[in-house]
1. Could you size up the charge dipole of the chain around its Cα centre, putting +1 on the beta carbon of Lys and Arg and -1 on that of Asp and Glu, and report it in debye to the nearest 20?
2. For the chain, build the charge dipole from Cβ charges (+1 Lys, Arg; -1 Asp, Glu) around the Cα centre, then report which of Leu135, Ala268, Ala317 sits farthest towards its positive end.
3. Please report, to one decimal in angstroms, the Kirkwood hydrodynamic radius of the chain built from all distinct Cα-Cα pairs.
4. In the chain, once you exclude exposed GluC sites (Glu not before Pro) (DSSP loop, at most 14 other Cβ within 10 angstrom), what's the longest stretch remaining?
5. About the Cα centre of segment 120-214, how large is the charge dipole given +1 on each Lys and Arg Cβ and -1 on each Asp and Glu Cβ? Please answer in debye to the nearest 20.
6. Order Lys37, Lys9, Lys173, most accessible first, counting only protein heavy atoms with a 1.4 angstrom probe.
7. In segment 24-117, if the dipole is taken from +1 on Lys/Arg beta carbons and -1 on Asp/Glu beta carbons about the Cα centre, which of Pro97, Thr68, Ala44 is farthest to the positive end?
8. Working from the pairwise distances between different alpha carbons, so that the mean of 1/r is found and then inverted, what is segment 11-60's Kirkwood radius in Å?
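The values are calculated or read from the model by the stated rules, or taken from the named source; none is laboratory data. Please read all numbers here as calculations on a predicted model, not as lab measurements. No Cβ is skipped: glycine too gets one built from the backbone with ideal geometry, and neighbour counts run over all protein chains shown. Ligands, DNA and RNA are stripped out before the accessible areas are found, and what is left, the full protein with its side chains, is counted by its heavy atoms. Shrake-Rupley method; radii C 1.70, N 1.55, O 1.52, S 1.80 Å.
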Amino acid sequence: MTGRTPVRKASDLDALVVGAGPNGLAAALRMAAAGLKVVVYERAETWGGGTRTAALTEPGFVHDVCSTAHPMVAISPFFREFDLAAHGVRLMHPEIPFAHPLAAGEAVLVHQDLGRTAAALGPDGPAYEQLLGPLVDDAPALLETLLGTFRRPPTSGMPAVLHFARYGLRSAKSLAGRFEGEQARALLAGCAAHSMMRLDRPITGGLGMVLALLSHAVGWPVVGGGSQALANAMVAALRAAGGEIVTDHEVRSLDELPTARATLLDVAPDSFLRLAGSDALPAGYRKALRRFRYGPGVCKVDWALSGPVPWTNPDIARAGTVHLGGTFDRIAAAEADVAAGRHPEHPYVLSVQPTVADPSRAPAGRHVFWAYCHVPGRSTVDMTSVIEDQIEAAAPGFRDLVIGRHTMTAAQMADYDPNYVGGDISAGETSMFQMLARPVPRWSTYRTPLEGVYLCSSATPPGPAVHGMCGDHAARLALRQRFDIRRPPSLRNLPNP
Ligand SMILES: Cc1cc2nc3c(=O)[nH]c(=O)nc-3n(C[C@H](O)[C@H](O)[C@H](O)COP(=O)(O)OP(=O)(O)OC[C@H]3O[C@@H](n4cnc5c(N)ncnc54)[C@H](O)[C@@H]3O)c2cc1C
């Protein structure tokens, strides 16, 4: 605790949340379910953070500004308890979770069925099944552990946890050594590169395994109508429980907030330093926050298309997500370029075609499509043409279908949402150390040295993606420490608006 005199205006509020991303909203809902009076402040005009949907291009087309593929929503203990269907949120599944085109019209197709996926990997099929099979069998228990705080031993699914510990700490490069053929190697690279790290770094193999596992365990669905529908359902439930949300309200200092017994911050660590003020935090904690490393950024393009993407391999038209960039070695080289501060000529491109699962996002017969590539943090370089070149290589004629496009450089992404520091959509590098010490090397990383103030963004465990678990873990800790509530009431007790 510090000796600073609080100057906050007195209020009868129980809890404040700064930031209405999925983690801030999850924290608010958990507090509201406990019967507490909660107010959420959001700097943007709309709530949702990384789950906003907007009309970025042409009339009749709606685009997810950030997240679209939601395996983590499907598996998250928070969202399972919230009961998406009861709140009107539909998860819509593409027939194929993801695909990875290779040369000459060849493609790896990752089906939800593990055996079918493995069968198409030729001689690597048995090795793929041996790697993923033990995880798929116990996926809910393993993923509950991986979406935990990393502070408690797992309570179930031990065989899967041990199997994951054996292989998951390795780099993607080391894991790829188990495969002979390019198909399985490329599949792994496409998943591991979501980490935005060099593929020879520890745990990139494990991060790739988790993404592949999710496709077999729950698929990679999109939210009907756009990811915004998820945030809207959370806000509607919060309001029905008596909570309030104030948009277009950037919090610049904690001192400007009214008093409350708990304040939960869905913000990046560097924003927290500014919000707290330079003298408010102990020097050691400040230093630890300043040491927290951010990863590279992304440059993202959204397109309105007059027709489906003309993939050379027609099976790719049935996939929700498409990893572009070719072989393992090419993707590894592109990620190494980015890590070295260079803009790759042939980047790894992560693309999503939401209208394959949810045609409501575009006029009949037309499509929305997005893709991003990794770039050095804070980059202002517009990578549209490089990204389109990568798409054209797998789908010649793509550019002829474009009727509208919208690009955000990494620097613009950071302006859009300050949690994506320098355009880093993971809100902090996902290295092994930083997955555990997120954002500081302490036992409780949610609690800050300021009394009653907690961090709850994806810069805390379990890290990035839309699962709400950072917010839920922080809120549960705040309920225990500030309100002496040890067993919070279920989210199912929230009134359904
Ligand atoms: C381009 C892109 C694609 C992605 N794709 C996927 C995907 O397909 N699947 C997936 O699972 N994840 C994806 N992600 C990651 C995912 O969106 C994030 O991990 C997730 O949104 C993090 O949630 P959060 O609540 O911690 O932060 P955010 O969602 O970033 O929300 C933070 C909120 O806090 C607000 N805020 C910050 N500071 C202040 C302040 N001082 N005052 C008031 N408000 C403030 C911000 O405006 C924002 O609304 C993607 C992200 C991006 C950018």
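1. Details: 46 positive and 46 negative charges, 388 e Å.
Charge dipole, the chain, about its Cα centre: 1860 debye, nearest 20.
2. Ala268
3. Working: mean 1/r = 0.0439 Å⁻¹.
Here the Kirkwood hydrodynamic radius works out to 22.8 Å.
4. Details: sites that count: Glu45, Glu106, Glu180, Glu250, Glu345, Glu451.
That gives 346-450 as the longest site-free run.
5. Values: 9 positive and 8 negative charges, 98 e Å.
The dipole magnitude comes to about 460 debye.
6. Values: Lys37 90, Lys9 155, Lys173 130 Å².
Per-residue accessible area, sorted high to low, gives Lys9, Lys173, Lys37.
7. Ala44
8. Details: mean 1/r = 0.0826 Å⁻¹.
Kirkwood radius, segment 11-60: 12.1 Å.
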